[in-house]
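Notes follow once the structure below has been shown.
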Amino acid sequence: MDLKENIHIDKLPKHIAIIMDGNGRWAKQKGMLRAFGHENGTKAVRETVEASAELGVENLTLYAFSTENWNRPKLEVQTLMKLLVSSLKKEIKTLQDNNIKLSAIGNLNTLPKKVYKELHEVINSTKSNNRMTLTLALSYGSREEILNTVKEISIKVKKNIISPDKIDESIINEHLYTQNLPDVDLLIRTSGEQRISNFLLWQIAYAELYFTNILWPDFKKKHLYEAIIEYQKRERRFGKTSEQLS
Ligand code: IPE
Ligand code: IPE
Ligand code: MG
């Protein structure tokens, strides 16, 4: 039986986030340069976006470049940025045809001008699409995001726009980069690493975590289906007892 048929469409995660890891190791295994891994990683992005939209997942967030990734060799950073511009150019039609809205989170001002410009063009031209929101985390760091939130709220407190005793979780949510997104239900990380690497720390508070040894360029639709099937087998108790849920 097709794996996809084992997925309960009425119990899909509303928000899937993915730490796309393992491009470098994939290339190394093939005796190729890291850039080759990144290029092939874009194919896995396409597979995942397509599979998610076909299933009816409403929100997909992909970790594409972290604040820490700026510390990689200059040439690798340049390659990643170039790849980003070319992928955006290439995929805009697919996003339109599939009614997918592109969004981005992170310290976007630190991106090279060309990337920033292309990114905003695609965001702008897909803003009325409503089948799925695809969010790219670019120059993203969760601690930096939380820090900005604290600063913005502090300024509003100082200006008497917000009173300190009115600060609650929803106010914090409104100030995070992820504003309009629901909490993450399923977090996937490829390549066998079992860490979060400064990704969506606040938003994954109750996410189900799924780690796979597959290296990102090898990630195919069936791997996404496997992750969702595993997610659907878990009991999300949110602090309650199992009996309370049934
Ligand atoms: C993920 O693959 C892509 C980015 C972090 C940009 P890596 O480049 O981290 O691949 P490994 O972890 O070295 O194999
Ligand atoms: C996390 O991968 C960031 C992205 C996938 C963009 P890294 O490969 O940078 O993570 P660490 O440094 O090994 O934790
Ligand atoms: Mg890595």
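The values are calculated or read from the model by the stated rules, or taken from the named source; none is laboratory data. Just so it is clear, the structure is predicted and the values come from calculations on it, not from any experiment. No Cβ is skipped: glycine too gets one built from the backbone with ideal geometry, and neighbour counts run over all protein chains shown. Quick note on the areas: whole protein, heavy atoms, side chains included, nothing else; ligands and nucleic acids left out. Shrake-Rupley method; radii C 1.70, N 1.55, O 1.52, S 1.80 Å.
Details
- Among the residues of the range 29-41, the ones that are part of a helix (DSSP H, G or I) and more than 13 Å from ligand 2 (Cβ to nearest atom) come to 5 in all.
- The range 110-138, subset open to solvent by 70 Å² or more (accessible area, probe 1.4 Å) and charged (D, E, K, R), residue nearest to ligand 1 (Cβ to nearest atom): Lys114
- Restricting attention to the range 212-246, the residues being more than 20 Å from Asn6 (Cα to Cα) and among the basic types (Lys, Arg) number 2.
- With respect to (1) within 20 Å of Ala64 (Cα to Cα); (2) open to solvent by 40 Å² or more (accessible area, probe 1.4 Å); (3) within 16 Å of ligand 3 (Cβ to nearest atom), the lone exception for Glu47 is condition (3).
- The range 13-38 residues that are farther than 22 Å from Gln78 by Cα, paired with ones that are within 11 Å of ligand 1 (Cβ to nearest atom) and open to solvent by 10 Å² or more (accessible area, probe 1.4 Å) (beta carbon under 7 Å, 6 or more apart): Ile18/Tyr63
- Cβ pairs under 8 Å, 6+ apart, first in the range 85-110 and over 24 Å from Asn69 (Cβ atoms), second of a type in the set (Phe, Trp, Tyr): none
- Hey, Leu209 under 27 Å from Asn6 (Cβ atoms) and within 16 Å of ligand 3 (Cβ to nearest atom) or not: no
- Among the residues here, Ser52 qualifies as within 16 Å of the chain's Cα centre (by Cα), more than 9 Å from ligand 1 (Cβ to nearest atom) and among the hydroxyl-bearing types (Ser, Thr, Tyr).
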